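**Student:** Quick one: the structure is below, questions incoming.
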Amino acid sequence: MAEGRRREVLPARELLLWLPLLAGCTVVLWLFRDVLHEAHMALAYLLVVLAGSARNGRAMGAVLAVAAFLTFNFFLLPPFYTLAIEDALDWWILLAFLITGGVAAQLFHQAQSALEMAERRAREIDRLSALGAESLAGPRAADAVDAIARVIRAELGITGVQIVTIEEGTGEPTVLAQTPDDARAPARPDLIRLTMREGCIVGVGADGTARLAPHDRDLSWLLGHSGRYVGAMIPLRVHDRTIGFLGLDDPSGLGRDEHQAAFGDTLVYHAALAVERVRLASEAEHVAALREADRIKDALLASVSHDLRTPLTTIRALGAELRETGDERAAVIEEEAERLNRLVTDLLDLSRIRSGGLPIETEIVAAEDLVGAALQRLRGVAGVDRVRVHLPAGDVLPLGRFDFVQTLRALANLLENALRHSAGTYVDLDVIEEEGTLVLRVMDRGPGVPEAERQYIFDPFFRGKSRPGADHGGAGLGLAIANSVAAAQGGTITYEPRFGGGSTFELRLPAESV
């Protein structure tokens with residue numbers, strides 16, 4: 001657009017080039033004016049006007065058209081050497097020439113403007129393509145942000161650019177890219193809060209006053225005020241979330257033309273995508289670190305649990321010897337050793353399940369057999385007689401396809417957990433079949449699980465610390481193992497608060513029909 005504006009000015013040297021050319025054309029036509037028709041002479045002048053318009057723009061074409069109009073009349077139309085017209089038709093020739101010259105100059109100007117715009121759009125597309133390729137192929141997400149900051153500064157021709165993200169939770173701003181490196185920070189804390197809260201552009205005047213743009217305005221609102229603003233903050237939004245802002249700084253003013261503003265809006269969108277990529281890359285690194293820590297933890301638990309087996313065997317042997325001597329402490333030693341042995345077994349099994357090392361052998365099993373085996377396994381648990389089993393009516397018993405041993409362990413864990421928290425009330429076990437799924441529903445009338453803890457109840461070692469008296473001597477592995485066993489064979493375990501108080505755990509497994 002700057003090039004187009006320069007062509008509207010008439011430099012003296014360009015004018016001195018075209019006026020002699022027009023004079024030379026007049027001399028040639030004057031020599032042959034007796035044999036040439038007026039239309040032929042008008043066409044010769046028109047060629048000069050078109051050439052001047054094509055070379056130096058609309059203003060030059062208009063000047064040449066007026067000059068040609070006067071010289072045509074003065075030297076080539078009778079009466080010669082006057083501006084009078086002898087034949088009335090010559091007025092139409094002159095008028096048609098003047099209109100044609102003006103229209104031709106205007107058409108040339110529009111064609112040149114369209115060409116300049118097309119070339120500019122092509123350059124913008126090339127810059128965006130290169131920018132997109134650099135953003136996607138860059139080894140680091142931060143490199144894409146730096147590249148976009150440099151492009152915005154170059155394309156808008158401003159002094160300083162900052163791309164800032166806002167940390168989730170803390171609300172603290174973090175500068176991801178800044179060009180130049182010593183650019184003056186365009187944002188104040190109060191303006192940052194205003195931009196993030198309102199989600200619209202904030203312009204800063206030379207006196208430090210700020211103005212909030214309407215919510216439906218884009219970058220053209222800011223750049224179209226003829227340098228009224230020397231700084232600005234533009235919110236960066238992705239998926240209707242404001243994740244940061246773009247800071248612009250130019251002491252001479254931020255006024256630009258509408259085409260730069262339109263391209264700037266595209267660059268703002270690319271800046272938002274680059275900031276989102278940085279955020280996602282940071283989250284991915286955090287998740288990878290958590291997975292690695294979880295893997296190391298599982299390996300450590302498996303190693304420690306395995307090493308505990310030998311001293312446990314020794315402790316149990318010593319407890320048996322003390323029992324033979326009549327020492328009353330032997331029973332306590334054996335009971336605690338057995339409890340520790342179960343904990344070690346649970347740790348080893350949980351580690352094997354999560355690493356995919358626990359063998360799962362599915363078979364067709366009757367739900368009644370599974371329930372009976374679970375109650376038999378809990379015969380030593382206090383309150384097992386409070387479990388009420390509800391099987392579907394009819395002669396056909398529901399069947400499922402699952403690993404009997406592992407599923408028995410999961411169901412027993414659910415029942416034992418319910419008995420521990422049922423406070424002496426009944427525990428109901430419903431067995432039903434729903435749309436190809438075998439459902440084992442364990443319901444109690446205990447205190448239930450607080451809403452804040454429900455997302456953690458299937459995590460290893462979670463024991464509901466927010467509930468007084470929630471520690472019943474367990475290690476917090478029962479639900480974690482049950483959930484992992486169910487998932488390993490295509491099933492699920494879910495929790496819901498029971499209507500009227502209590503908890504409901506549903507173990508869902510693939511059903512089978514014969």
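The values are calculated or read from the model by the stated rules, or taken from the named source; none is laboratory data. All values derive from a computational prediction rather than experimental measurement. Positions of Cβ are generated from backbone atoms using ideal geometry, with glycine treated the same way; all protein chains shown enter the neighbour counts.
**Student:** Quick one: is Thr266 at pLDDT 80 or above, polar (S, T, N, Q) and in contact with a helix residue (DSSP H, G or I) (Cβ under 7 Å, 6 or more places away or on another chain)?
**Tutor:** On the way: at pLDDT 80 or above: no; polar (S, T, N, Q): yes; in contact with a helix residue (DSSP H, G or I) (Cβ under 7 Å, 6 or more places away or on another chain): yes.
Answer is no for this residue.
**Student:** From (1) modelled with pLDDT under 70; (2) not in a helix (DSSP H, G or I), pick out the condition that doesn't hold for Glu124.
**Tutor:** Only one criterion is unmet by Glu124, namely (2).
**Student:** Can I ask one more? Among the residues in region 355-375, are any surrounded by 15 or more Cβ atoms within 10 Å (Cβ to Cβ), under 12 Å from Ser484 (Cβ atoms), in contact with a Lys or Arg (Cβ under 7 Å, 6 or more places away or on another chain) and not charged (D, E, K, R)?
**Tutor:** Yes, the conditions are met somewhere in region 355-375.
**Student:** With the requirement that a residue be crowded, with 20+ Cβ neighbours inside 10 Å and more than 17 Å from Leu254 (Cβ to Cβ), what does region 148-165 give you?
**Tutor:** Ile148, Val164, Thr165
**Student:** Now for a different question. Can you pull out the residues in region 308-346 that are over 23 Å from Gly478 (Cβ atoms) and charged (D, E, K, R)?
**Tutor:** Glu321, Arg323, Glu324, Asp327, Glu328, Arg329
**Student:** Do we have Arg279 as of a type in the set (D, E, K, R), at pLDDT 80 or above, surrounded by 12 or more Cβ atoms within 10 Å (Cβ to Cβ) and not in a helix (DSSP H, G or I) here? Show your work before the answer.
**Tutor:** Numbers: of a type in the set (D, E, K, R): yes; at pLDDT 80 or above: yes; surrounded by 12 or more Cβ atoms within 10 Å (Cβ to Cβ): yes; not in a helix (DSSP H, G or I): no.
No; evaluated as a whole, the condition is false for this residue.
**Student:** Looking at (1) at pLDDT 90 or above; (2) among the polar types (S, T, N, Q); (3) farther than 29 Å from Ser351 by Cβ, which is the only condition Gln376 fails?
**Tutor:** Just one mismatch for Gln376, condition (3).
**Student:** May I ask you to list the residues in region 331-378 that are touching a helix residue (DSSP H, G or I) at 6+ places or on another chain (Cβ under 7 Å) and farther than 22 Å from Leu312 by Cβ?
**Tutor:** Matches in region 331-378: Arg354, Ser355, Ile360, Glu363, Val365, Leu370, Ala373, Ala374, Leu375, Leu378.
**Student:** Confirm whether Val66 is β-branched (Val, Ile, Thr), touching a Leu at 6+ places or on another chain (Cβ under 6 Å) and part of a helix (DSSP H, G or I).
**Tutor:** Working: β-branched (Val, Ile, Thr): yes; touching a Leu at 6+ places or on another chain (Cβ under 6 Å): no; part of a helix (DSSP H, G or I): yes.
It is false that Val66 is β-branched (Val, Ile, Thr), touching a Leu at 6+ places or on another chain (Cβ under 6 Å) and part of a helix (DSSP H, G or I).
**Student:** Hey, any hits in region 223-245 for a residue that's crowded, with 17+ Cβ neighbours inside 10 Å and at pLDDT below 80?
**Tutor:** yes
**Student:** Against the definition (surrounded by 12 or more Cβ atoms within 10 Å (Cβ to Cβ), at pLDDT below 75, out of contact with any Pro (no Cβ under 9 Å at 6 or more places or on another chain) and acidic (Asp, Glu)), how does Glu38 come out, yes or no? So that I can check it myself, show each step before the final result.
**Tutor:** On the way: surrounded by 12 or more Cβ atoms within 10 Å (Cβ to Cβ): yes; at pLDDT below 75: no; out of contact with any Pro (no Cβ under 9 Å at 6 or more places or on another chain): yes; acidic (Asp, Glu): yes.
Judged against the criteria, Glu38 is not a match.
**Student:** Of Leu248, Leu191, which residue is assigned to a strand (DSSP E or B) and among the aliphatic types (A, V, I, L, M)? Show your work before the answer.
**Tutor:** Values: Leu191 fails: assigned to a strand (DSSP E or B).
Exactly one residue qualifies, and that residue is Leu248.
**Student:** Among the residues of region 147-166 satisfying the criterion of being part of a strand (DSSP E or B) and in contact with a Leu (Cβ under 8 Å, 6 or more places away or on another chain), which is farthest from Leu222 (Cα to Cα)?
**Tutor:** Kept after step one, since they are part of a strand (DSSP E or B), are these residues of region 147-166: 160-166.
If we keep only those that are in contact with a Leu (Cβ under 8 Å, 6 or more places away or on another chain) too, we end up with 160-165.
On the way: Gly160: 16, Val161: 15, Gln162: 16, Ile163: 17, Val164: 19, Thr165: 21 Å.
Going through the qualifying residues, I end up with Thr165.
**Student:** Go through Asp327, Asp349 for me and flag whichever is surrounded by 18 or more Cβ atoms within 10 Å (Cβ to Cβ) and not assigned by TED's automatic domain parsing to the domain that holds Ser484. Show your work before the answer.
**Tutor:** Working: Asp327 fails: surrounded by 18 or more Cβ atoms within 10 Å (Cβ to Cβ).
Testing whether each residue is surrounded by 18 or more Cβ atoms within 10 Å (Cβ to Cβ) and not assigned by TED's automatic domain parsing to the domain that holds Ser484 leaves just Asp349.
**Student:** If I filter region 182-198 down to residues being crowded, with 17+ Cβ neighbours inside 10 Å and closer than 13 Å to Gly208 by Cα, which single residue comes out as modelled with the lowest pLDDT?
**Tutor:** Pro186
**Student:** Taking the condition assigned to a loop (DSSP other than H, G, I, E, B) and of a type outside the set (S, T, N, Q), does Gly372 pass?
**Tutor:** Working: assigned to a loop (DSSP other than H, G, I, E, B): no; of a type outside the set (S, T, N, Q): yes.
It is false that Gly372 is assigned to a loop (DSSP other than H, G, I, E, B) and of a type outside the set (S, T, N, Q).
**Student:** Which one of Ala51, Ala104 is crowded, with 16+ Cβ neighbours inside 10 Å, modelled with pLDDT of 75 or more and not assigned by TED's automatic domain parsing to the domain that holds Gly264? Break it down into steps so the answer makes sense when it comes.
**Tutor:** Details: Ala104 fails: modelled with pLDDT of 75 or more.
Among Ala51, Ala104, only Ala51 is crowded, with 16+ Cβ neighbours inside 10 Å, modelled with pLDDT of 75 or more and not assigned by TED's automatic domain parsing to the domain that holds Gly264.
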